[in-house]
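The structure appears below as structure tokens.
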Amino acid sequence: MKNKEVLLERMERYALTTFGKRVDDLNNNEKYVVLAKALMEEIVPQWLKSQEKFAGKKQAYYLSAEFLMGRALTNNLINMQRKKEVEELLAELGVDYNQIEDAEEDAALGNGGLGRLAACFLDSAATLDYPLHGYGIRYQYGIFKQKFIDGFQVEEGDNWLEYGEPWSIRKGLESVIVSFADGDVKAVPYDTPVIGYGQKTINTLRLWQAEAVKEFDFQAFNEQEYDLAVKAKNDAENISKVLYPNDSTDEGKLLRLKQQYFFVSASLQDLVRKHKAKYNTLENFHKLHAIQLNDTHPAVAIPEMMRILTKVEGLEWSKAWEIVVNTFAYTNHTLLAEALEQWSIKLYKKLLPEIYTIIEKIDGQLKKELLAKGVEAKELDKYAIIHNGNIKMAWLSIYGTKSTNGVAQLHTNLLINQELNHWYKIYPERFNNKTNGITQRRWLLQSNPELSNFITELLGSDAWITNLTELKKLEKFADDQSVLQRFMEIKKMKKEQLAAYIKRVEGIDIDTNSIFDIQIKRLHEYKRQLLKAFYILDLYYRLKENPDLDIIPRTFIFGAKAAPGYFRAKGIIKFINEIAKLVNNDKEISGKIKVVFVQNYRVSYAEKLFPAADVSEQISTAGKEASGTGNMKFMLNGAPTIGTYDGANVEIVEEAGEENNFIFGLRVEDIAALKDYNPKEEYKKIKGLQRVVDSLVDGTFDDGKTGMFKELHDALLIGASWHKPDHYYVIKDFESYREAQQRVNDAYKDRLGWARKCWINLANSGKFSSDRTIDQYAKEIWEIEKA
Ligand code: 73E
């Protein structure tokens, strides 16, 4: 009771001093802000205390260009174990908690899996009492907001800071200067607390904002220099203006390189300054810091640290190299060629000439070392960091770190045996796997309280919240009808909640008795949303021909953003929206199938979608999805997977059994063995397929004269200058997918049998907690200890 009074008193104070009103008179957004501020007053002292307990101990740092945090309020309340109390307090004030929750903008400072993984890792580390802190960029605009107009994706800026962001604290006095060839920029840190479950440990996410070095210049300007002064200010601020909206592609743009160096240099300067203040030497830096590079985006940390150690601090090159290699570790997240970062020498020299010289020196050292290890001179090109006018960031990352890891076993095997095999031969001890994970606090406890409570009730304990393998004990209920019945009731409830939300925000009615078949992830050809689209269209035509076709009603749900410059991905969105229009408006089909492409898929929408799913679509071309993490979120909420043998799907099926999932399609080795694949011939042989593929060009659909549909059709049947026809095997896998979907339909008829599959997936999802992943990073790479 007392806590509540204190909280209310604090809220009243913030309402007065921040908004000049009483709490009663605030709108929902303002109420959200004062609530968060009031909570911060409680969090900050504990945060400071938590930092003290790690003083003098080795700590780990996660350098990432993206942190896809989503909303913080509910997550923080849950981890503080105060959600119920705050809900009650608000209720007493006549305020609905859900409306306050909904007033918070997502912190959408990431594209997809890579950025969300970083967020899950921070939650897990704090919960496990590991000192892990994030370093990144405080983008003023996160990933764009998406709308559909006439079925086309339209992007809008995500000005998430507009109405105030109460969780971060500007630490202006800890600003640092980052130097580029064209001038200096000030990096200002904003710190956000990362609260572990149970609130014992509170770590820090430090995001840097770019500002002009001297506001002073603005006051001193004379008329002629005004525009120059404004330009300098804009140029500086532009660095942290906006997140690049590309997932799994490399954009070799100057501003992107500036962003990378900006946050990396600021972060390293920050760490070095603090370390020196304490130890007055950097010789022991690696004994107290482990720095994980989230993909190659922060790989410039390697030469930057060499610069600081040798040129600023005066250490010997070889000593410095030893410190660097023993400090850094690198995670590879993709094998896609278009995602492997290569910066042009020209760009680097122009912006970071000193860093470029250091990279040259590293490259020279590498060649010597390789020759000494018996590599033949003619083989050196394969390893060269600088080659053909480009700098290969992956090579730099492997050579400059003690650890290179993949994100699922299949992915790591492909790295070791194929893509990076030549490197593996030189440094086998550096390579390891760390299968991704997700935090059950957000993806079950927060997003599915109904199922969470049921689990706790059955287990007689909530230990699963911090030890997900406890769920294995649920397996003994797999044949308990009353348990399965309750599970189905909860699933129905989550479907109703989702349906109500979809009705409200999309204006579409969906039938909660239908199978909710969901594919939510970035739009990319390799993820094959098009395969699902073709399946739906084929099913539609089959239903038209045979109204008695025996199917369980289905709602096909998609959520995906396409990179604004990815023409084909946008074409696929338009195509699916055209199919949705055709299917949803056909009275003859009504009640059988429906297609919904939700707008602006993001973390807070995901929290509503995963718990409501009956089927999880994980249908990437084998070998292309490094891990996937959405697949784990579905599993944790008890949805079987229809998927390929790719990424972490392999491990999901290993845990939950093939018989409880729906595996189809070519495997990695099948694709490798394919010869003379001719989709133009093959698509004619598969019943119904030609009709749906040709719907792209035969006038069935209208792409508004953009040429999008023809281009998609050509990509499948003719190919393009940069790829063979159907290089993601949509046509090749179609029949196998359709057959797997038939198995889904048939299995769902047996309601209890279906619930049993869901249940066994849930019970075996323990491995996919990011708590397990973080424990492995902490022990096997970072060598850090819990508080
Ligand atoms: O398979 C996912 C993986 O689960 C992978 O595609 C994704 O990372 C996830 C987390 O490990 C990923 N994103 C990027 N590369 N891999 C990427 C590349 C460039 C820019 C932004 C993101």
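Is there a quick way to get the dipole size of the chain? I mean about its Cα centre, with the Cβ of Lys and Arg at +1 and of Asp and Glu at -1; what is the value in debye to the nearest 20? Can you show the working numbers first?
Values: 107 positive and 114 negative charges, 213 e Å.
Around 1020 debye, computed over the chain.
Close amide H pairs (under 5 Å, H built 1.01 Å from N) link residue 593 with 554, residues at least 5 positions away or on another chain.
Based only on other Cβ atoms within 10 Å, what is the fewest-to-most ordering of 530, 77? If you can, show how the numbers build up before the last one.
Working: 530 26, 77 21.
So the ranking, lowest neighbour count to highest, is 77, 530.
Assign one of three labels to segment 261-364, namely rounded, prolate or oblate, based on the Cα gyration tensor with a ≥ b ≥ c the square roots of its eigenvalues; rounded applies when a/c is under 1.5, prolate when it is not and a/b is larger than b/c, and oblate otherwise. It would help to have the intermediate numbers written out before the result.
Details: a/c = 1.94, a/b = 1.45, b/c = 1.34.
It is prolate, given that a/c is not under 1.5 and a/b is the larger ratio.
Rounded to the nearest 0.05, the FRET efficiency derived from the C-beta distance between residue 746 and residue 429 at R0 = 56 Å is 0.70. Amide H contacts under 5 Å for residue 387: 392, restricted to partners 5 or more places along the chain or on a different chain, H placed in the peptide plane at 1.01 Å from N.
Modelled spin-label separation between residue 720 and residue 316, with each label point placed 7 Å from Cα along the Cα-to-Cβ direction: 5.3 nm.
Rank-order 315-323, 619-627, 384-392 by packing density, defined as the average count of other C-beta atoms within 10 Å over each peptide's residues, highest first.
Details: 315-323: 15.9, 619-627: 25.7, 384-392: 17.9.
Top to bottom by mean Cβ count within 10 Å: 619-627, 384-392, 315-323.
For segment 116-129, 3J(HN,Hα) computed residue by residue from phi via the Karplus equation (6.51, -1.76, 1.60; θ = phi - 60°) reads 6, 4, 4, 5, 5, 4, 4, 4, 5, 4, 5, 5, 7, 6 Hz, glycine and proline entered as x. Whole Å is fine, so just give me how far the alpha carbon centre of segment 635-659 lies from that of segment 541-587. Measuring centre to centre over Cα atoms gives 24 Å. Looking at the chain alone, DSSP beta bridges between its own residues are antiparallel in about 40 percent of cases. Annotation: the residues 69, 40, sorted from fewest to most other C-beta atoms within 10 Å of their own C-beta, follow the order 40, 69. Reducing segment 395-465 and segment 241-258 to their Cα centroids gives an inter-centroid distance of 25 Å. Each part gets one Cα centre, and for segment 481-508 versus segment 71-131 those centres are 22 Å apart.
Shape analysis of segment 412-558 places it in the oblate category; the axes a ≥ b ≥ c from the Cα gyration tensor give an a/c of at least 1.5, with a/b not above b/c.
Mind running the shape call on segment 288-446? Use the C-alpha gyration tensor, a ≥ b ≥ c as the square roots of the eigenvalues: rounded below 1.5 for a/c, prolate if a/b tops b/c, oblate otherwise. Here segment 288-446 falls in the prolate category.
Once both labels are positioned 7 Å from their Cα atoms along Cα-to-Cβ, the gap between residue 739 and residue 544 label points is 2.7 nm. Proximity of backbone amide H atoms, modeled 1.01 Å from N, is registered between residue 291 and 61, 328, 329 at under 5 Å, excluding neighbours fewer than 5 places apart on the same chain.
Put simply, when 96-102, 138-144 are sorted by average Cβ atoms within 10 angstrom per residue, most first, you get 138-144, 96-102. For residue 779 and residue 51, what does the FRET efficiency come to when R0 = 30 Å and r is the distance between their Cβ atoms, rounded to the nearest 0.05? Approximately 0.85, to the nearest 0.05. Using Cβ point charges alone (K and R +1, D and E -1), the dipole size of segment 674-787 about the Cα centre works out to roughly 500 debye. Calculated FRET efficiency, residue 381 to residue 287, Cβ-Cβ distance, R0 = 51 Å: about 0.90 to the nearest 0.05.
Projected label points at residue 422 and residue 149, each 7 Å from Cα along the beta carbon direction, are separated by 4.9 nanometres. Each residue of segment 201-212 was assigned a 3J(HN,Hα) from its phi angle through the Karplus curve 6.51 cos²θ - 1.76 cosθ + 1.60 (θ = phi - 60°); the sequence is 10, 10, 8, 10, 9, 9, 10, 9, 10, 8, 9, 5 Hz, with glycine and proline shown as x. Footprinting exposure proxy ranking of 226, 645, 737, fewest other C-beta atoms within 10 angstrom first, gives 226, 645, 737. Karplus-derived 3J(HN,Hα) values for segment 75-90, using 6.51 cos²θ - 1.76 cosθ + 1.60 with θ = phi - 60°, are 4, 5, 4, 5, 5, 7, 6, 10, 4, 4, 4, 5, 4, 5, 4, 5 Hz; glycine and proline are entered as x.
All of the numbers you see were taken from the coordinates with simple rules; none came from a lab. The structure displayed is predicted, hence computed values, not measured ones. In this analysis, Cβ positions are derived from the backbone assuming ideal geometry, glycine residues included, and neighbour counts consider all displayed protein chains.
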